[in-house]
Amino acid sequence: MIIHVDQPVVEVHDLTVTYERRPVLWDIDFTLPGGILAGIIGPNGAGKTTLIKAAMDLVVPGSGFVRLFGKSLKEVRSKVSYVPQRRTVDWDFPASVYDVILMGTYPSLGLFRYPRKAEKELALDALRKVELEDFKNRQISQLSGGQQQRVFLARALTQNADLFFMDEPFAGVDAATEKTIIKVLQELTSHGKTVVVVHHDLQSVAKYFDWTIMIHSRLIASGPTSQVFTPELVEKTYGGKLDLLTEVAHLLQTEKLPPRED
Amino acid sequence: MIAERLAEFLSFSDPILLSVTLGVVLLSSTSAIVGTFTFLRKQALVGDAVAHSVLPGICLAFIIGESKNPIYLIIGAFITGWLSINLIHKITKTTRLKEDTAIALVLSVFFGVGIVLLTYIQHSGIPGHSGLDHILFGQAAAITRSDVHVFGMVSILLITSVLLFYKELKTTAFDSDFARSAGMKVSFADLMLTTLTVLAVVTGIQAVGVVLVAAMLITPPAAARYWTHDLPLMIILSAIFGAVSGFMGTLASYVLPNMPTGPWIIVTITGIAFFSFIFAPGKGVLFRLYHQFKVRRRMLTENVLKDMYMAGEKRGNHNNAFTLPEIAAHRRMHKEKLQSGLNKLYLDRFLKKDENGWHFTISGLNKARRLVKIHRLWETYLTRYVGIAPDHVHDDAEAIEHYITPELEKKLTDELDRPEKDPHESEIPYD
Ligand SMILES: Nc1ncnc2c1ncn2[C@@H]1O[C@H](COP(=O)(O)OP(=O)(O)OP(=O)(O)O)[C@@H](O)[C@H]1O
Ligand SMILES: [Mg+2]
């Protein structure tokens, strides 16, 4: 079940992504309205990370495209923020919590310019929002997983974006941190911003998300959570019925067949 | 003799010596600055590949230009060095080969070609070819004043570039996906770093040669990383370490007979790195060992005090002497360990001893009571709020209680509403 909207903030059109000829996303096609908190769910290796990377132009799609606010990413980049999976960076980097959060202001500064008072205040504000005031000067190598996650969230906040893509912001955080993070996200959507989150915990989907996107290499469902988050569709997303697809993908890779005729 | 040479060196009366020293110090500190980013991007091996790949460029430049003019050689070196990095990236991106394989491949091919060319030059009789083989191990003594001018210019170029693109270099090094997604000039920063690395290598070769130049790039930041968690400070320290090793290298080669500069630079910087590895506070081996030792000893003495207090509870008074078996009854502990704990407590005047055994001093008794109190409060907390069974809490409590501060202790007491007894029905001693 795929529910489309008019005037979408996010439009993913016929998106196919392959890694070394192996398709990991097939014909993904959905739209998202603005001002919502949307969850992307699906099993490990389903292509969730790939999907938001494609939206951020970090992987090149085989076919299809993503439009944000009706435009290409290039035109609206300053309004879009991306929070990578926490594990993708080396936290032993010589920087403090504040240093990393301040990095969120760098893109808007452009070449040769450095943060001044305004940017610094923005960073301090974000620090407060994620409740890390006491950790301002802490070395990032000495943070817990939940604290690292909040540092990333705070860095995104300083970007002043209208649309956020976050890869597993709730991974490895405790209940208290989860509450802090969800509060921040809900505050964002209450100001009309759109937040798209890769999520793993099925228990909290109905509670957190206005909109749910289910993928397993291909799109299973996209729509208001109340309509699409049903046992049948969850079963379809996580169940074994899609093994065939994985097998075909594997075949394409080993046989070096093109994923589609062109 | 050596002392004489040393005095001579340090007076810097010889203008040639002065330019050599200046040149080498300049070189080694700027490569250390650029190297900081190479190091943080985990591109140490790439640095080495570049270093080896400049050899064919230098040889070709010499063959074509028939001169050892440093500008020619630098241009030649720059071209092949730059080519090699891009080739490595290209191979990693477009084939299934991993980066380390690509590095090994590029390094050996380029270096091999370089050696062939070098051999050709040596047998060709092109005038002025003698001395070109010094690019293998460097020859700082041959640095002339005009070389120093070139180095100076390159250094200024490198340092200004790092300053101007600091933001981009830093963000890309930490989280390149983020930087790219936010539209920062990542490809440009990459290109920048590549170019800077090649430039640093190319100039560094004069002093230490292609074989060792990568160490000039990577070892100073690796050493600096031990001393600080702050990037600007790390860059400064790295530059200082580089400068010091450059200076020591020239000094050693001047003062000691027949000593080469390049290898001495590398020996010095390696020495600094080794020293940092052992002695740096926080991250150094020694500091960590000492810290561990202190924690262990504190746990030991605190456990002994607790055991004595509980032994006192059992017999109903804390004032009489405690015998060794009485203290040891509480836990299995090596005799020597117990003895060393007791001795430490004696030295700290928490205990006294006479012919009957060990006694608490007043502060010893207070400390012991507080420790027992914390232990029991913590056990109560664990059973009541964390839901651990009473017969399991003991071990958990043992580990944490040594870290409980007076503030936490107060919080604990309030939160538990000052309980009388712990989960094992032992009385909690308040003062
Ligand atoms: N750089 C890459 N090169 C080759 N294959 C890749 C690459 N990145 C991901 N893949 C493959 O693509 C598929 C989708 O990966 P992706 O990371 O998007 O999944 P995911 O849904 O985010 O999984 P998880 O829940 O584990 O984070 C996986 O099978 C993975 O092995
Ligand atoms: Mg993922």
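Protein chains only, probe 1.4 Å: how do B:LEU6, B:LEU382 rank by accessible area, largest first?
Numbers: B:LEU6 65, B:LEU382 15 Å².
I get B:LEU6, B:LEU382, largest accessible area first.
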Once the Cα atoms of helix B:261-279 and of chain B are each reduced to a long axis, what angle between those two axes, in degrees from 0 to 90 to the nearest 10, is obtained?
10 degrees
Let's test the formula: R0 of 30 Å, r as the Cβ-Cβ distance of A:ALA206 and A:ASP27. What FRET efficiency results, to the nearest 0.05?
0.65
Describe numerically, in nm with one decimal, the distance between label points set 7 Å from Cα along Cα→Cβ at B:ALA329 and at A:LYS183.
5.2 nm
Distance between the C-alpha centers of the range A:31-67 and the range B:276-326? Whole Å please.
55 Å
For chain B, the longest site-free run once GluC sites (Glu not before Pro) in DSSP loop states with at most 12 other Cβ atoms within 10 Å are removed
B:1-354
For the range B:81-232, with the dipole built from +1 on Lys and Arg beta-carbon atoms and -1 on Asp and Glu ones, taken about the Cα centre, which of B:GLN139, B:HIS89, B:PRO127 lies farthest toward the positive end?
B:HIS89
Counting only heavy atoms of protein chains, what accessible area per residue, in Å², does chain B have with a probe of 1.4 Å?
49 Å²
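Expressed as a whole percentage, what fraction of the accessible surface of the range B:362-431 belongs to carbon and sulfur atoms when a 1.4 Å probe is rolled over the protein heavy atoms? Display every interim value, and only then the final one.
On the way: 2090 of 4050 Å².
Looking at the range B:362-431 in its full context, I get 52 percent from C and S.
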One point scatterer per Cα, no solvent, Debye formula: log10 I(q)/I(0) for the range B:1-106 at q = 0.19 Å⁻¹ comes out as -1.00
Per-residue average of other protein chain Cβ atoms inside 10 Å, peptide A:86-94 -> 5
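Treating the beta-carbon of each Lys and Arg as +1 and of each Asp and Glu as -1, no other charges, what is the dipole magnitude of the protein assembly as shown about its Cα centre, to the nearest 20 debye? Don't skip to the answer; put the middle values down first.
On the way: 71 positive and 70 negative charges, 197 e Å.
Here the protein assembly as shown has a charge dipole of around 940 debye.
Rounded to two decimals, what ratio of Rg to Rh does the range B:2-283 give with C-alpha atoms and a Kirkwood Rh? Spell out each step's value before the answer.
Numbers: Rg = 18.7 Å, Rh = 19.1 Å.
Rg/Rh for the range B:2-283 comes to 0.98.
First select every other residue whose beta carbon is under 12 angstrom from the beta carbon of B:ARG297; then total the charges, Lys and Arg +1, Asp and Glu -1.
Numbers: positive: B:LYS294, B:ARG296, B:ARG298, B:LYS337, B:LYS344; negative: B:GLU302, B:ASP348.
Value of the local net charge: +3.
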Heavy-atom SASA rank of B:LYS411, B:LYS170 (probe 1.4 Å, accessible area, largest first):
B:LYS411, B:LYS170
Calculated log₁₀ intensity ratio I(q)/I(0) where the Debye formula runs over C-alpha points of the range B:299-360, q = 0.12, 0.22, 0.24 Å⁻¹:
-0.23, -0.84, -1.01
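In square nanometres and to one decimal, what's the mean projected area of the convex hull around the Cα atoms of the range A:1-57? The partial results should precede the final answer.
Details: hull surface 18.2 nm².
In nm², the orientation-averaged hull projection of the range A:1-57 is 4.5.
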Nearest-0.05 FRET efficiency for B:VAL295 and B:ILE240, computed from C-beta distance (R0 30 Å)
0.35
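Roughly how many Å² is the accessible area per residue of the range A:10-253, as a whole number, for a 1.4 Å probe?
Numbers: 10270 Å² over 244 residues.
Roughly 42 Å² per residue, with all protein chains present.
Starting from 0.36 nm per residue, how many nanometres of slack lie between B:GLU415 and B:LEU256 once their C-alpha separation is accounted for? Before the final figure, lay out each step's value.
Working: separation 159, 0.36 × 159 = 57.24 nm, distance 7.10 nm.
Length gained between B:GLU415 and B:LEU256: 50.1 nm.
Return the average number of partner chain Cβ atoms within 10 angstrom of each residue Cβ along peptide A:222-234.
Working: counts 0, 0, 0, 0, 0, 0, 0, 0, 0, 0, 0, 0, 0.
Partner Cβ neighbours, averaged per residue: 0.
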In this structure, the FRET efficiency calculated for B:LYS68 and B:LEU17 from their beta-carbon separation, with R0 = 22 Å, to the nearest 0.05, is 0.55
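Using a 1.4 angstrom probe on heavy atoms only, work out the carbon and sulfur share of the accessible area of the range A:10-253 in %. Please list the in-between numbers first.
On the way: 5000 of 10270 Å².
Here carbon and sulfur together make up 49 percent of the probe-accessible area.
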Extension gain from B:THR101 to B:GLU407, taking 0.36 nm per residue of separation minus the Cα-Cα distance
104.6 nm
Measure out, as a whole number of angstrom, how far apart the alpha-carbon centroids of the range A:191-212 and the range B:341-356 sit.
62 Å
Using alpha carbons only, what's the Rg to Rh ratio of the range B:184-304 with Rh from Kirkwood?
1.16
Can you list the residues of the range B:201-236 whose accessible area drops by at least 40 Å² going from the chain on its own to the full set of protein chains, with a 1.4 Å probe?
B:ARG225, B:HIS229
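Carbon and sulfur together cover what percent of the accessible area of the range B:19-152 at a 1.4 Å probe radius?
On the way: 4180 of 6060 Å².
That fraction is 69 percent.
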Accessible-area loss of at least 40 Å² (1.4 Å probe, chain alone to full protein assembly) applies in the range A:46-77 to A:LEU58, A:ARG77
Please give the charge dipole size of chain A, origin at the Cα centre, charges +1 on K and R Cβ atoms and -1 on D and E Cβ atoms. Round to the nearest 20 debye.
740 debye
Geometric extent, Cα atoms of chain A - Rg, Dmax (angstrom)
18.9, 58
Which sequence of A:MET56, B:MET333 reflects their accessible areas, 1.4 Å probe, from the largest down?
B:MET333, A:MET56
Filtered hits (lysines, Cα-Cα < 20 Å from B:LYS353, offset >= 8 within chain) -> B:LYS306, B:LYS335, B:LYS337, B:LYS344, B:LYS367
With a 1.4 Å probe and all protein chains kept in place, how much accessible area does A:ASP90 have, in Å² rounded to the nearest 10?
70 Å²
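Relative to the compact-globule scaling 2.2 N^0.38 Å, provide the ratio for the alpha-carbon radius of gyration of the range B:362-431. Display every interim value, and only then the final one.
Numbers: Rg = 11.3 Å, N = 70, 2.2 N^0.38 = 11.1 Å.
The range B:362-431 yields a ratio of 1.02.
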Test item: Cα-centred dipole of the range B:49-205, Lys/Arg +1 and Asp/Glu -1 on Cβ, debye
260 debye
The simple spin-label model distance between B:ASP133 and B:LEU10, using points 7 Å out along Cα→Cβ, in nm, is 3.7 nm
Could you tell me the center-to-center distance, by alpha carbons, between the range B:62-77 and the range B:11-44 in angstrom?
22 Å
Along the charge dipole of the protein assembly as shown, Cβ charges K/R +1 and D/E -1, which of A:LEU163, A:GLN7, B:THR171 sits furthest on the positive end?
B:THR171
Rounded to the nearest 10 Å², the 1.4 Å probe accessible area of B:ILE278 is 40 Å²
Name the residue, out of A:HIS216, A:HIS199, A:HIS191, whose mean-square fluctuation peaks in a Gaussian network model built on chain A with Cα pairs under 10 Å.
A:HIS191
Computed P(r) (all Cα pairs; the protein assembly as shown; 20 Å bins; percent):
15, 33, 32, 18, 2, 0
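For the interface of chains B and A, what total accessible area is buried with a 1.4 Å probe, rounded to the nearest 100 Å²?
Details: alone 22440 and 13310 Å², together 32980 Å².
Roughly 2800 Å².
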Against the longest alpha carbon principal axis of chain B, how many degrees, from 0 to 90 and to the nearest 10, is the axis of helix B:99-124 turned?
40 degrees
Among B:ARG288, B:ARG297, B:ARG384, which one moves the most in a GNM of chain B with springs linking Cα atoms closer than 10 Å?
B:ARG384
Using the charge dipole of the protein assembly as shown (Lys, Arg: +1 at Cβ; Asp, Glu: -1 at Cβ; taken about the Cα centre), state which of B:SER276, B:PRO221, B:SER11 has its Cα farthest towards the positive end.
B:SER11
For chain A, modelled as a GNM with alpha-carbon contacts under 10 angstrom, which of A:LEU124, A:LEU37, A:LEU202 fluctuates the most?
A:LEU202
Give me the mean projected area, in nm² to one decimal, of the convex hull enclosing the Cα positions of the range B:264-414.
13.0 nm²
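The values are calculated or read from the model by the stated rules, or taken from the named source; none is laboratory data. In this text, all values refer to a predicted model and were calculated from it rather than measured experimentally. Backbone-built Cβ (ideal geometry, glycine too); neighbour counts: all protein chains shown. Please note that ligands, DNA and RNA were not included when accessible areas were found on the heavy atoms of the full protein model with its side chains. Shrake-Rupley method; radii C 1.70, N 1.55, O 1.52, S 1.80 Å.
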